[in-house]
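K.L.:
Before I ask anything, here is the structure I am working with.
Bear in mind these aren't lab numbers, they're just calculated from the coordinates by the rules spelled out. Just so it is clear, the model here is predicted, and its values are computed rather than measured. Using ideal geometry, Cβ is built from the backbone for each residue, glycine included, and neighbour counts are taken over all protein chains shown.
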Amino acid sequence: ESCGHVWMTPEILAELKTWIALEGLCGDMLLFRSPTGKTARLDNYRKRFFKPIMKGVGLGHVTMQMCRRSCATFMSDGKHGTLKDVQTHLRHSQSSTTADIYIQAVPLSVRKAVESLDAALFAGMSLEGAKGPAC
């Protein structure tokens, strides 16, 4: 059984409070539960919600693992926290798991090259209303 704490921004907390009120949850009721009120299963969540949402926005190939690795890599750039912060956020028991598996090293020169290409490709372009490829 997990007793860990998950920090949330005020914006996420406000959304969660609204959802709790709409769902009529109180006391010890599970926040994320199955339609029968039992503990939600991660595999069912992936199939019923995550994959359809990703497909709907043109990212059907994206997995939860990819999201966690992207989060770890982004947070580890030195501006968004320490290795310990990333480890805590991902709820890893060992920092070596976070550092060796989740954080993907992206050299600064590669980041700058990608940002430069992005700026050149999308200069003056609006992506509002654009539809991604059907993967």
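K.L.:
Can you list the lysines whose alpha carbon is less than 28 Å from that of Lys51, not counting same-chain residues fewer than 8 positions off?
P.N.:
Straight-distance partners of Lys51: Lys17, Lys38, Lys131.
K.L.:
How far is it, in nm, from the label point at Arg111 to the one at Lys47 when both lie 7 Å from their Cα along the line to the Cβ?
P.N.:
With each label placed 7 Å out from Cα toward Cβ, I get 3.9 nm.
K.L.:
Using DSSP to call loops (not H, G, I, E or B), can you name the chymotrypsin sites (Phe, Trp or Tyr not before Pro) in the stretch 22-64 whose Cβ has at most 15 other Cβ atoms within 10 angstrom?
P.N.:
Phe32
K.L.:
Okay, moving on. Given a Förster radius of 25 Å and the C-beta distance between Leu25 and Met64 as r, what FRET efficiency does 1/(1 + (r/R0)^6) yield to the nearest 0.05?
P.N.:
It comes out at approximately 0.55.
K.L.:
Only loop residues by DSSP count here, and only those with at most 15 other Cβ atoms within 10 Å; note down the trypsin sites (Lys or Arg not before Pro) in the stretch 1-70 that meet that.
P.N.:
Within the stretch 1-70, the qualifying trypsin sites (Lys or Arg not before Pro) (loop, at most 15 other Cβ atoms within 10 Å) are Lys38, Arg41.
K.L.:
Let me ask another. As I understand it, the dipole of the stretch 13-135 uses +1 on the Cβ of Lys and Arg and -1 on the Cβ of Asp and Glu, about the Cα centre. Which of Ile103, Phe32, Met75 lies farthest toward its positive end?
P.N.:
The Cα lying farthest towards the positive end belongs to Phe32.
K.L.:
Provide the FRET efficiency to the nearest 0.05 for the Phe74-Thr9 pair, computing r from the beta carbons and using R0 = 22 Å.
P.N.:
FRET efficiency, Phe74 to Thr9: 0.90.
K.L.:
Another question, then. Summing Lys, Arg as +1 and Asp, Glu as -1, what charge do residues with Cβ under 14 Å from the Cβ of Gly78 carry, Gly78 excluded?
P.N.:
+1
K.L.:
For the chain, rounded, prolate or oblate, judged on the Cα gyration tensor with a ≥ b ≥ c (square roots of eigenvalues), a/c < 1.5 rounded, else prolate if a/b > b/c?
P.N.:
oblate
K.L.:
Between the DSSP loop rule and a limit of at most 14 other Cβ atoms within 10 Å, which GluC sites (Glu not before Pro) in the stretch 1-71 are left?
P.N.:
Those satisfying the criteria are Glu1.
K.L.:
Arrange the following residues from fewest to most other Cβ atoms within 10 Å of their Cβ: Thr9, Thr36.
P.N.:
Neighbour counts put them in this order, fewest first: Thr36, Thr9.
K.L.:
Moving to a separate point now. Checking the cross-link filter: which lysines have an alpha carbon closer than 24 Å to that of Lys79, excluding same-chain neighbours under 8 positions apart?
P.N.:
Reachable lysines: Lys112.
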